[in-house]
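Participant: There's a structure below that I have some questions on.
Quick note: the coordinates plus some simple rules give every number you see, no bench work behind them. Because the structure is predicted, anything quoted here is derived from the model rather than measured. Neighbour counts are summed over all protein chains in view; Cβ atoms, including those assigned to glycine, are modelled from backbone coordinates with ideal geometry.
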Amino acid sequence: MSRNCRVHEMVLGQTLFLGDNLLPLLTLALGGALVAGNAMALVRPPEHRRDAGDLERPPLIRTLVFIAFGLVMTVWALATLL
């Protein structure tokens, strides 16, 4: 491998946004948002409906599935980062 190729690899490796951990960090953020958002909707639903078609409470099974999926994503991302 020539010196020029090694220099390009070093530059590209150092300028990658958030380094090698971009995908686990994005997975952690998305999983955490799924858990937090759905848990808050379940614990404290909106006080007033915006439209006539809005539900008073979120569907329980769907919300619990989203929380579980987000929790799996969060744990997986943390295990990858550690």
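Participant: Kindly list, by first and then second residue, each pair from a residue in segment 61-82 that is touching a residue at least 60 places away in the same chain (Cβ under 8 Å) to a residue that is assigned to a helix (DSSP H, G or I), limited to pairs with Cβ atoms under 8 Å and residues at least 6 apart or on different chains.
Facilitator: Filtered contacts from segment 61-82: 81/21; 81/24; 81/25; 81/28.
Participant: For the list (1) without any contact (Cβ under 8 Å) to a residue 24 or more places away in the chain; (2) surrounded by 13 or more Cβ atoms within 10 Å (Cβ to Cβ), I need the number of the one condition that residue 40 fails.
Facilitator: Looking at each condition in turn, residue 40 falls short on (2).
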